Amino acid sequence: MISKSEFSPEVWTFFVSHFRPGRIGFVGLDDMVGMAIREAQRRLTLDGTPSRWSHVFLMGEKRVDGELYIFESDLEPDLERPQFRNGAQESRLKKWCVEAVEHAAVIDVLEEDSLRNDLVAGALDFVYGAHVAYPIAQLVGTWWQIIAARLWRANPFEDATALYCSSFVRHCLRKVGVDPVSEGIHLSNTAPEHLWQTSRATTCHAWRRREGARRD
């Protein structure tokens, strides 16, 4: 979920520089929704501060239109039509290259190119064939499981037809035999911070907005 914000050339340059199919992209927004999601992960961070991350996605491919595409699960209002884009979807990378992004990162948990091809193919099939919704209730359920220290137990609002961003990314990776998160974390409780703390990362690049650089 992203609020209206101006395009950020700096974020765009960062992601384009490190774009590769199958990598995981992270963003941490400083709008109201983004800060709420980051704050909810405070108990998961190593230093007890709010997480830097409010959304994650999988990097896809460059298409014939010249755009870089990503795979994600999101709830986004469509301003051109009176409806929402809800759930697993393919989006242009530039969607997340906005001034509201305070932190951005890219990590790689894949070592074989064949897995990248399988991951992109699987994500495409999942996005256009599974009709998976974005579960707002599961965000609340994950927050509760974090507080109760019961992340191993299924989310109380678990729905087989719904995945939010980080559980969607983990689900796609598991389909190609790679699980970047501990087995002690139930899929339905996977938070962006869990993916960030993975021990499987072979590549990691991070970016932070310069103090006072945001244009309102």
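Read-outs throughout are calculated quantities, based only on the coordinates presented, and are distinct from any laboratory measurement. Because the structure is a prediction, the values reported are computed rather than measured. Here Cβ is always computed from backbone atoms with ideal geometry, including for glycine, and neighbour counts include all displayed protein chains.
A few remarks follow.
- Estimated FRET transfer efficiency when R0 is 22 angstrom, pair MET35-ARG92 (beta carbons, to 0.05): 0.35
- Summing +1 for each Lys or Arg and -1 for each Asp or Glu among the other residues whose beta-carbon sits under 11 angstrom from that of GLU67 gives +2.
- Note on region 9-208: with charges restricted to the Cβ of Lys and Arg (+1) and Asp and Glu (-1), its dipole about the Cα centre is near 320 debye.
- Count of Lys pairs (Cα-Cα under 23 Å; at least 8 positions apart or interchain) in the chain: 5
- Expected 222 nm ellipticity per residue - DSSP helices of 4 or more, -39500 (n - 2.57), all of the chain, to 500: -9000 deg cm²/dmol
- Highest-first packing order for the peptide set 52-61, 163-172 is 163-172, 52-61, based on the mean count of other beta carbon atoms within 10 Å.
- Ranked packing of 87-97, 142-152, most packed first, by mean Cβ within 10 Å: 87-97, 142-152
- Environment charge of GLU193, counting only residues whose C-beta is closer than 13 Å and scoring Lys/Arg +1, Asp/Glu -1: +3
- Against the rule of thumb 2.2 N^0.38 Å, how large the Cα Rg of region 9-208 comes out: 0.95
- Packing rank of 183-189, 117-123, where each peptide gets the mean count of other beta carbons within 10 Å, highest leading: 117-123, 183-189
- C-alpha center-to-center spacing [region 161-199, region 1-74] in angstrom: 15 Å
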